[in-house]
1. Is there a quick way to get the dipole size of segment 18-148? I mean about its Cα centre, with the Cβ of Lys and Arg at +1 and of Asp and Glu at -1; what is the value in debye to the nearest 20?
2. Lys/Arg Cβ at +1, Asp/Glu Cβ at -1, dipole of segment 149-222 taken about the Cα centre: which of ASN179, SER218, ASN205 is farthest positive-ward?
3. Quick one: if you take sqrt(5λ) for each eigenvalue of the C-alpha gyration tensor of segment 18-148, what semi-axes come out, biggest first, whole angstrom?
4. Which residues' amide hydrogens lie under 5 Å from the amide hydrogen of ILE276, considering only partners 5 or more residues apart or on another chain, with H built in the peptide plane?
5. Looking at this model, which pairs from LYS207/LYS292; LYS42/LYS307; LYS31/LYS289; LYS174/LYS289; LYS31/LYS96 are more than 23 angstrom apart at the alpha-carbon?
6. Tell me, what is the 1.4 Å probe accessible area of TRP200, in Å² to the nearest 10?
7. If you rank PHE48, PHE18 by how much accessible surface each has, with a 1.4 Å probe, what is the order from largest down?
8. How many percent of all Cα-Cα pairs in segment 173-294 sit more than 19 Å apart?
Amino acid sequence: MRHQWNSWDKGQVPAKMFQLQGPQMLQMLEKSLRNFLPESLKVYGTVFHMIKGNSFNLKALVDKWPDFNTVVVRPQEEEMRDDFDHYTNTYQIYSKNPQNCQEFLGRSDVINWKQHLQIQSTQFSLNEAIQNLAVINRVQVKPVQCILYLESKMARRLLPSLPQTNNLPLKYGKLKTLNEDMFSFSSLSVTHAALVNKFWHFGGNEKSQRFIERCIQSFPALCLLGPDRNPVCWGVMDQTGEMRMGATVPEYRGQGLVQHIMFAYFQALEKLGFPIYFHTDRANHTIQKTSKNMPCIPMPCDWNQWKCVPL
């Protein structure tokens, strides 16, 4: 079938988008996406976890195969039954040609612009196409741009040519001593989702809590328990493989607990061979300082999210 996939004219959107089926195609996609890191990181991380089990029931769409221009990873249609749940209705996008992917992204069988949705990418160059499609589909867009970090050992493995990878030591900085009489490591359970939701910058509502519950059930989620055996600091991974939600309750901040969570999290993910990355707000200087001490490397591209709401 290879000649059939390549028979489309260069740059032409196929009559019907192509869904990659089976682990072999996804592994080919993952290998190809490595060549375009860090700009492909959000899609690369998602495809990596699709191969590992795909607990969020995602599918990968390409405009052509194997020499694709644009990849969109999104849930299967049966997962997107709630038109107002933009946490579930999330799309990860990477394009080799972001200036010419608008036609593909405008297809209703690629993105359902009638729903509340989120688009995530490590390419801000997609902004023009997304904004154009928002006008065409009468959608209000709220963009968010954050600093994207990759753990240093992971950066050296995945991005050996990146200049920043040679400027940081591979060893972690000195951790503050953890008071083991007060704090102990544990796994989060779904009963803790309400607490995580309360302190998540993008959460605080019923739909985000359902999303957090699913993340805790599906992926590694670590916490430190305080003297009353309740979580006081935690980290939760999402369906893209990113360490997405992390916080310390106010009364225990300033004790370096988040660094202990990150250290334990990174060690666990490294043993599993998972890509280790996360983002933080430009105003969050505490996490930026902690990230440098870990050490983690800020990427030359940003973490981007576009929240889209039909008018």
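The values are calculated or read from the model by the stated rules, or taken from the named source; none is laboratory data. For clarity, every value in this text was computed on a predicted model and none was experimentally measured. Cβ atoms come from the backbone with ideal geometry, glycine included; neighbour counts cover every protein chain shown. For accessibility, only protein heavy atoms count, side chains too; no ligands or nucleic acids. Shrake-Rupley method; radii C 1.70, N 1.55, O 1.52, S 1.80 Å.
1. For segment 18-148, the charge dipole is close to 220 debye.
2. SER218
3. In descending order, the three semi-axes are 22, 17, 14 Å.
4. GLU151
5. Over 23 Å Cα-Cα: LYS207/LYS292; LYS31/LYS289.
6. Accessible surface of TRP200 is approximately 20 Å².
7. Reading off the accessible areas and sorting them downward yields PHE18, PHE48.
8. It works out to 44 percent of all Cα pairs.
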